[in-house]
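Step one of this worksheet: look at the structure below.
The values are calculated or read from the model by the stated rules, or taken from the named source; none is laboratory data. Keep in mind that what you see is a predicted model, and the values were worked out from it rather than measured. For neighbour counting, all protein chains shown are included, and Cβ atoms are generated from backbone atoms with ideal geometry for every residue, glycine included.
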């Protein structure tokens, strides 16, 4: 480890000015795609206690392409460099990838917790991020799969009425759709990236309910397990648009444990048993250089004078107020450079005040 590595390592929560990436790191944090690599070969074997052998692997074993969400969240330009990434963030993300452990990411709203999942997916070429947005009504089953029993009965009745005679029931797989959590655990050569967003909004039982699948790497679709003697292979819909998957014997089991990023705004504490199975990372509020890189990623042709002044003012206010969401800085920069608003003695300062002050209302 170099001197700069040591400095970064003993200064937790701070961005390293310079450091050399350790050889075991796969993810570098820039979101810049790594081309001409075979990630399945690059990844070392998992620890014996985190090894999964679900299968068989599908014939078309390629992650679905990104649906544009990564570009919307990260921007089109690759302006983040190793100088803009927190050393602790890189350490913990790479540890989670190699150990096949879920990563619990905390921090103030708007600090880029969710964006981390999209940077990982884009950089490592893992395709579309599976996002599971958590609410107070979310259950484990809703993330795993859904079965439309009523729809199947109605389809059978419609077919019988049209043909005027008794017909076979429609294929059961037509009425099963895997959720984002269930899709992430399908057998594949490469891991999928799963974003479990705002886990702290869930009911108290959900974190503990997740422990089983985090440990076992598999789950059973009861409706398919009941018919496995007659239908050992069933094609079902997945959470990816226009994609299906074959489920064997009613069981979904992973081959490559997914890269799971769970975000929390710190609104609640999680059970010790849940925390024991996760790695934890806190993302601090971005500093001036990081904010400049984020703005440049989204607004490539912005006016430099307006941009720099706004970034400085935003960084100062964010620090004084305990953190402001970064997207409101992007809003202000876009307005300032769109031609609709120009800094003057009255209108512009009042607009910025409204954009940024309202966020602090509790």
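Counting residues in segment 128-141 that are out of contact with any helix residue (DSSP H, G or I) (no Cβ under 9 Å at 6 or more places or on another chain) and part of a loop (DSSP other than H, G, I, E, B) gives one or more.
Only residues that are closer than 16 Å to residue 192 by Cβ and exposed (fewer than 15 other Cβ atoms within 10 Å of the Cβ) were counted across segment 245-270, and they come to 0.
Under the condition of being surrounded by fewer than 16 Cβ atoms within 10 Å (Cβ to Cβ), in contact with a helix residue (DSSP H, G or I) (Cβ under 9 Å, 6 or more places away or on another chain) and closer than 15 Å to residue 100 by Cβ, the residues counted in segment 47-84 number 2. Filtering 98, 104, 116 for residues that are touching a residue at least 60 places away in the same chain (Cβ under 8 Å), surrounded by fewer than 21 Cβ atoms within 10 Å (Cβ to Cβ) and outside any loop (DSSP other than H, G, I, E, B) leaves a single hit, 98. Look at (1) under 22 Å from residue 72 (Cα atoms); (2) modelled with pLDDT under 85; (3) assigned by TED's automatic domain parsing to the domain that holds residue 51 and you find that residue 337 fails only one, number (3).
Quick one: would you say residue 200 is more than 23 Å from residue 244 (Cβ to Cβ), in contact with a helix residue (DSSP H, G or I) (Cβ under 6 Å, 6 or more places away or on another chain) and in contact (Cβ under 8 Å) with a residue 24 or more places away in the chain? Step through it out loud before you land on a result.
On the way: more than 23 Å from residue 244 (Cβ to Cβ): yes; in contact with a helix residue (DSSP H, G or I) (Cβ under 6 Å, 6 or more places away or on another chain): no; in contact (Cβ under 8 Å) with a residue 24 or more places away in the chain: yes.
For residue 200, the condition - more than 23 Å from residue 244 (Cβ to Cβ), in contact with a helix residue (DSSP H, G or I) (Cβ under 6 Å, 6 or more places away or on another chain) and in contact (Cβ under 8 Å) with a residue 24 or more places away in the chain - is not met.
Answer yes or no as to whether residue 63 is in a loop (DSSP other than H, G, I, E, B) and either closer than 16 Å to residue 126 by Cα or at pLDDT below 85 (or both). So residue 63 passes the test. Within segment 167-188, being modelled with pLDDT under 95 and in contact with a helix residue (DSSP H, G or I) (Cβ under 6 Å, 6 or more places away or on another chain) holds for 167, 169, 170. Just one of the listed residues (279, 210) is surrounded by fewer than 19 Cβ atoms within 10 Å (Cβ to Cβ) and within 24 Å of residue 43 (Cβ to Cβ), and it is 279. All told, residue 317 falls short of being surrounded by fewer than 17 Cβ atoms within 10 Å (Cβ to Cβ) and either outside the structural domain of residue 81 (by TED's automatic domain parsing) or out of contact with any helix residue (DSSP H, G or I) (no Cβ under 9 Å at 6 or more places or on another chain) (or both). A residue that is in a helix (DSSP H, G or I), in the same structural domain as residue 215 (by TED's automatic domain parsing) and surrounded by fewer than 17 Cβ atoms within 10 Å (Cβ to Cβ) occurs nowhere in segment 144-166.
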